[in-house]
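Only one structure is covered here, and it is reproduced in the block below.
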């Protein structure tokens, strides 16, 4: 996924904000909590990092081009990074980013979810 397409997709999700931090990473948040990061790649391909469920994490890290997210996974979090070919196809990557947005959003207080229009 190219950076512009990543940013456009993440920006289309409800109640999101975008910052560039940690060097030049494009960080997307919902309710102030990170749900996706574009950047941190190993070379030609941009890395896309996102949160997932424990079961999905185990499935995803078996796919060539997907790995436990550097730093985050080593801290016990279920975050993965798509970083190389073949990776995920665009539709699957979109679904994973949407699910990450949902997971992070559902971890917010009910009040915050209501304020953001998530529920």
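The values are calculated or read from the model by the stated rules, or taken from the named source; none is laboratory data. Keep in mind that what you see is a predicted model, and the values were worked out from it rather than measured. No Cβ is skipped: glycine too gets one built from the backbone with ideal geometry, and neighbour counts run over all protein chains shown.
Let me spell it out: the conditions are (1) modelled with pLDDT of 95 or more; (2) more than 20 Å from residue 77 (Cβ to Cβ); (3) in contact with a strand residue (DSSP E or B) (Cβ under 7 Å, 6 or more places away or on another chain); (4) not in a helix (DSSP H, G or I), and residue 14 meets all of them except one. Which number is the exception?
Here residue 14 meets the rest and fails (3).
Can you tell me which residue among 85, 55 is more than 29 Å from residue 115 (Cα to Cα) and part of a helix (DSSP H, G or I)?
It is 55.
Would you mind finding the one in 94, 101 that is under 12 Å from the mean Cα position of the chain (by Cα), farther than 12 Å from residue 51 by Cβ and touching a residue at least 60 places away in the same chain (Cβ under 8 Å)?
94
Only one of these is touching a helix residue (DSSP H, G or I) at 6+ places or on another chain (Cβ under 6 Å), touching a residue at least 40 places away in the same chain (Cβ under 8 Å) and in a loop (DSSP other than H, G, I, E, B): 108, 118. Name it. Write out each step before concluding.
Details: 108 fails: touching a helix residue (DSSP H, G or I) at 6+ places or on another chain (Cβ under 6 Å).
Residue meeting the stated conditions: 118.
With the condition kept exactly as written, say whether any residue in segment 40-52 is closer than 14 Å to residue 14 by Cα, touching a residue at least 40 places away in the same chain (Cβ under 8 Å) and in contact with a strand residue (DSSP E or B) (Cβ under 7 Å, 6 or more places away or on another chain).
no
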